[in-house]
Structure formats: structure tokens, C-alpha cells
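Heads up: the structure comes next, in C-alpha cells.
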Amino acid sequence: MSVSDPIADMLTKIRNAVQARHEKVDVPTSKLKLEIVKILKTEGYIKNFKKVQEENKSIIRIFLKYDDQNGPVIHGVEKISTPGRRVYSGYKDLPRVYNGYGTLIVSTSVGVTTGKKASEKMVGGELVCKVW
């Protein structure tokens with residue numbers, strides 16, 4: 001079965017795994033997914049990730065992170081751009097996620113980055129998703 005929006009599929013798998021209190025979740029690999037997962041790691045939303053080769057398929061194994069009371073660190077994940085409706089923003093107009101407590105992930109001309117770093121570099125781009 002082909003997926004029309006693989007990024008939304010990955011975010012949904014992460015959201016469902018967090019709600020079900022799973023330790024890890026596997027998603028198919030792509031360059032954009034790998035960059036998004038790297039941002040989630042550096043921002044502290046996941047413990048770790050690794051690229052795994054399984055049955056001639058490359059997957060990303062994402063290890064989810066929970067706090068001391070076993071509550072999830074990721075409270076929500078929302079896809080902004082969709083295949084039918086692309087959302088772009090200049091660096092001056094990048095939205096804030098939960099008044100700065102969340103993270104905006106932007107695909108820019110210099111690579112995939114957070115909204116804060118895109119503002120610092122003065123580049124806009126496609127708003128991929130927001131995490132809080």
C-alpha cells in the first residue's frame with residue numbers, strides 16, 4: 001500500500017506509539033524523515049534513533065522518551081503542509097508553537113531546521129510540522 005503523505009504517516013506512527021506508551025517505533029527511511037528525526041533528537045523529544053537494515057528495507061528505529069512520572073515528552077505532533085496544501089512562510093512570519101515551548105520544523109533552502117534557527121539564518125521555507 002502506497003502512502004500519499006509519508007511524513008504525516010511517520011508523525012502519526014510517533015503520536016500513536018507515544019499514546020500507547022511504546023518504547024520504540026519503526027518508520028521507513030527517507031532523507032527528509034531522517035532530518036526531522038535528527039531535529040526531534042536535538043530538541044529532546046526522543047531518546048535516540050538509529051537506521052536499521054531489515055529484510056532488504058531500510059528503516060529508522062525511533063526510541064521514545066518519557067519523563068520521571070512515565071508521562072510522554074511529546075504531547076502533540078501536527079503536520080502543517082500537506083500534499084494538497086503547501087504552506088510557506090518567510091523568516092519574519094514564522095509562527096511560534098505554544099508561545100515558544102514547542103518546536104516548528106521548517107524545510108528551507110539550506111536544509112531542514114527548526115523555526116528558531118531559520119529565523120536566525122534569515123531564511124523562510126515550507127512549514128513541515130510542529131511538535132510540543
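Enumerate the calculated ³J(HN,Hα) couplings along region 124-132 in order (Karplus 6.51 cos²θ - 1.76 cosθ + 1.60, θ = phi - 60°), each rounded to whole Hz, writing x wherever the residue is Gly or Pro.
x, x, 7, 7, 7, 7, 10, 10, 9
Given a 10 angstrom Cα cut-off, can you work out which residue in Thr108, Thr42, Thr12 is the most mobile in a GNM of the chain?
Thr42
Any idea how far the Cα center of region 2-55 sits from the one of region 57-95, in Å?
Cα centres, region 2-55 to region 57-95: 9 Å.
Before I look further, what does the chain give for accessible area per residue, probe 1.4 Å, in whole square angstrom?
With the other protein chains kept in place, the chain gives 61 Å² per residue.
Mean 1/r over all different Cα pairs, inverted: what Kirkwood radius does the chain give, in Å?
15.3 Å
Once you compute Rg and the Kirkwood Rh from C-alpha atoms, what is the Rg to Rh ratio for region 79-120?
Working: Rg = 10.3 Å, Rh = 10.9 Å.
Radius of gyration over Kirkwood radius for region 79-120 works out to 0.95.
Considering region 1-45, what Rg and Dmax in Å follow from its alpha-carbon atoms?
In order Rg, Dmax, the Cα atoms of region 1-45 give 10.9, 32 Å.
Tell me, in nm to one decimal, what length is gained between Tyr98 and Gln53 on full extension, where the rule is 0.36 nm per residue of separation less the Cα-Cα distance? Working shown, then result.
Values: separation 45, 0.36 × 45 = 16.20 nm, distance 3.68 nm.
Value of the extension gain: 12.5 nm.
Let me have the relative contact order for region 5-81, percent, based on Cα pairs under 8 Å that are six or more residues apart.
Across region 5-81, relative contact order equals 34 percent.
Multiply the residue gap between Thr12 and Lys117 by 0.36 nm, knock off their C-alpha separation, and tell me the result in nm, one decimal place.
So the chain would gain 35.3 nm between Thr12 and Lys117.
Name the residue, out of Ile74, Ile59, Ile105, whose mean-square fluctuation peaks in a Gaussian network model built on the chain with Cα pairs under 10 Å.
Ile59
Only loop residues by DSSP count here, and only those with at most 16 other Cβ atoms within 10 Å; note down the GluC sites (Glu not before Pro) in region 77-132 that meet that.
Taking region 77-132 and a limit of 16 other Cβ atoms within 10 Å, no loop GluC sites (Glu not before Pro) are found.
When the label point is put 7 Å from the Cα of Gln19 along its Cα-to-beta-carbon vector, which residues of region 78-96 have a backbone N closer than 13 Å?
Inside the label zone: 78.
Positive end of the dipole of the chain, charges at C-beta (+1 Lys, Arg; -1 Asp, Glu), about the Cα centre: which of His75, Ser4, Phe49 has its Cα farthest in that direction?
About the Cα centre, the residue reaching furthest to the positive side is Phe49.
Could you work out what % of the accessible surface of region 21-132 is carbon and sulfur, using a 1.4 angstrom probe and leaving DNA, RNA and ligands out of the count?
Of the solvent-accessible surface of region 21-132, carbon and sulfur hold 47 percent.
Could you give the size of the charge dipole of the chain about its Cα centre, using +1 on the Cβ of each K and R and -1 on the Cβ of each D and E, expressed in debye and rounded to the nearest 20?
Roughly 200 debye for the chain.
What residue among Gly115, Gly84, Gly102 has the largest mean-square fluctuation in a Gaussian network model of the chain, using Cα springs under 10 Å?
Maximum fluctuation in the GNM of the chain, among the listed residues, is at Gly84.
Take the Cα coordinates of region 55-125, assign each an equal point scatterer, and use the Debye formula without solvent to give log10 I(q)/I(0) at q = 0.18, 0.20 Å⁻¹.
Scattering profile of region 55-125, log10 relative to I(0): -0.87, -0.96.
The values are calculated or read from the model by the stated rules, or taken from the named source; none is laboratory data. Note that this is a predicted model, so its numbers are computed, not measured. Here the Cβ is made from the backbone with ideal geometry for all residues, glycine too, and neighbour counts use every protein chain on show. Calculation scope for accessible area: heavy atoms of the full protein, side chains included, ligands and nucleic acids excluded. Shrake-Rupley method; radii C 1.70, N 1.55, O 1.52, S 1.80 Å.
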